[in-house]
Amino acid sequence: MLRSIDAILSDFDASLPLADARTIPGSWYTEPRVWELEKRAVFGRTWQVVARAAQVERAGQYVTAQIGDEPIVVVRGNDGTLRAFFNVCRHHAAAVMTAPEGCAERLRCPYHGWTYALDGQLKSTPEIDDKCNFDRAQNGLVQVRVEVWESFVFVCLADDAPALADDLGALVSRVAPLRLGDLHFAERREYVLECNWKVFVDNYLDGGYHVPYLHKGLNSILSFKDYTIECVDRFCLQSSPIDASGGEAMTASVRTGKALYYWLYPNFTLNWYEGYLDTNLVIPLGMNRTKVIFDFYFADVSDGARERNTKSMDVSQRIQDEDHAICESVQRGLASRAYGAGRLSVRREAGENLFHRLLAADLRKGAAETGERA
């Protein structure tokens, strides 16, 4: 007999203290109805990173993105205002802008040529005139909320969600001293994993638990006994001093100071070392498929720093390659009849527990609002 979504969601007890807590159950990673609920209740209601601010600095610059099933376009207007819209033509629903990014004087649908100004107003409708009892003013692109924090552009599909600053909370003051604005974008690398998006986030948030076993190079420079985990509202900070004196040569040559790993619910991370930052944006492509976008930033992006920067990005890629296989292994195991839910390490996995509690709250709220029971 098919279990109800209420029954599936009730399998996780978010009220348990960490010492008694379990992970969310395997069904939350493999049940299509959970994924459908996530698209609405998580990705449809949270602030999502869609671009770097530098990509939309000038009038006409735009970036397209996908949030759950929703196509989005963010564009800088001629008046200097940054706006975001559903990237859906009001005529027959084709994507208006089809390139990942670019610069345009207007937003023109490639299907039937309907054309919108950069502020979303409908300007041209070939072969449709005023005699058709048609009001162009009521058929502009549908706008969504957009805000910028540090170097990142966020959009939110929910009109009643808190403002971005409220959502970020104490993260704003915690990150400010890092002076992220002094870092320069260098390169983007993308990876596609055959696993649920939550598997990647879980792996990120296990407090370094897997580092000694899976990441030998990284483990050689982190002080595992001094690794700390701090959970605050809707973000988690994992941090560790770096001791490169006896570390693996390649990793030690590009990692200094202190490692700071910030995760913002539900799917964005900032990985900071002295003079270096990479961000991870975890984008679900389906229930069992995930894209992770790595953007790399450095204090120095001159020709003289290129070799060192490339080596730094290669170290990050090696770590990602090591995580890639284990995440796909976990996804296969989550579907096994042998697995229900796991226990958590009090010392290491408080961040993962925070993620699961926030997720559970959103899913239960989403199910209640739509009256889902089946």
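For the chain, with all protein chains in place and a probe radius of 1.4 Å, 50% of the accessible heavy-atom surface sits on carbon or sulfur.
Heavy atoms only, 1.4 Å probe, whole protein assembly: order 39, 365, 216, 225 by accessible area, highest first.
Order by accessible area, largest first: 225, 216, 365, 39.
Taking the Cα centre of the chain as the origin and placing charges on Cβ (Lys, Arg +1; Asp, Glu -1), which of 154, 283, 28 is farthest toward the positive end of the dipole? Positive-most Cα among the choices belongs to 28. Dipole magnitude for region 20-104: about 180 debye, using +1 per Lys or Arg Cβ and -1 per Asp or Glu Cβ, origin at the Cα centre. Peptides 144-156, 40-52, 322-334 ranked from most to least packed by the mean count of surrounding Cβ atoms within 10 Å: 40-52, 144-156, 322-334.
Ranked from largest to smallest solvent-accessible area, with a 1.4 Å probe on the protein heavy atoms, 160, 300 come out as 160, 300.
When only the Cβ of Lys, Arg, Asp and Glu is charged (+1, +1, -1, -1), the dipole of region 263-344 relative to its Cα centre reaches about 560 debye.
Which value in Å does the Kirkwood hydrodynamic radius of region 41-179 take, with 1/r averaged over all unlike C-alpha pairs and then inverted?
Taking the inverse mean of 1/r over all distinct Cα pairs, region 41-179 comes out at 15.9 Å.
Based on protein heavy atoms only, region 103-171 ends up with 56 Å² per residue of surface accessible to a 1.4 Å probe.
Each residue of region 168-184 is assigned a 3J(HN,Hα), and the resulting list reads 6, x, 5, 4, 4, 6, 6, 7, 3, x, 6, 6, 4, x, 7, 8, 10 Hz, derived from the Karplus form 6.51 cos²θ - 1.76 cosθ + 1.60 (θ = phi - 60°), x at Gly and Pro.
The lysines within cross-link reach of residue 311, meaning a Cα-to-Cα straight distance under 30 Å and a gap of 8 or more places when in the same chain, are 198, 216, 225, 258, 291. Using the Karplus relation 6.51 cos²θ - 1.76 cosθ + 1.60 with θ = phi - 60°, the per-residue 3J(HN,Hα) values for region 21-35 come to 6, 10, 6, 4, x, x, 5, 6, 9, 10, 8, x, 5, 5, 4 Hz, with x marking Gly and Pro.
Here the peptides 163-176, 348-361, 69-82 are ranked by packing, the mean other Cβ count within 10 Å, and the order with the highest first is 348-361, 69-82, 163-176. By a 1.4 Å probe calculation restricted to protein chains, residue 287 has an accessible surface near 40 Å², given to the nearest 10. Answer with one residue from 315, 84, 41: the one whose Cα lies farthest towards the positive end of the charge dipole of the chain, charges on Cβ with Lys, Arg +1 and Asp, Glu -1. Result: 41, furthest along the dipole toward the positive end.
Its relative contact order, with pairs defined as Cα atoms under 8 Å and 6+ residues apart, puts region 221-374 at 17 percent.
Projecting the Cα atoms of 209, 305, 335 onto the charge dipole of the chain (Cβ charges, centred on the Cα centre) puts 335 farthest toward the positive pole.
The values are calculated or read from the model by the stated rules, or taken from the named source; none is laboratory data. Fair warning: this is a prediction, and the values are worked out from it, not measured in the lab. Note that each Cβ is placed from the backbone with ideal geometry, even for glycine, and that neighbours are counted across all protein chains shown. Please note that ligands, DNA and RNA were not included when accessible areas were found on the heavy atoms of the full protein model with its side chains. Shrake-Rupley method; radii C 1.70, N 1.55, O 1.52, S 1.80 Å.
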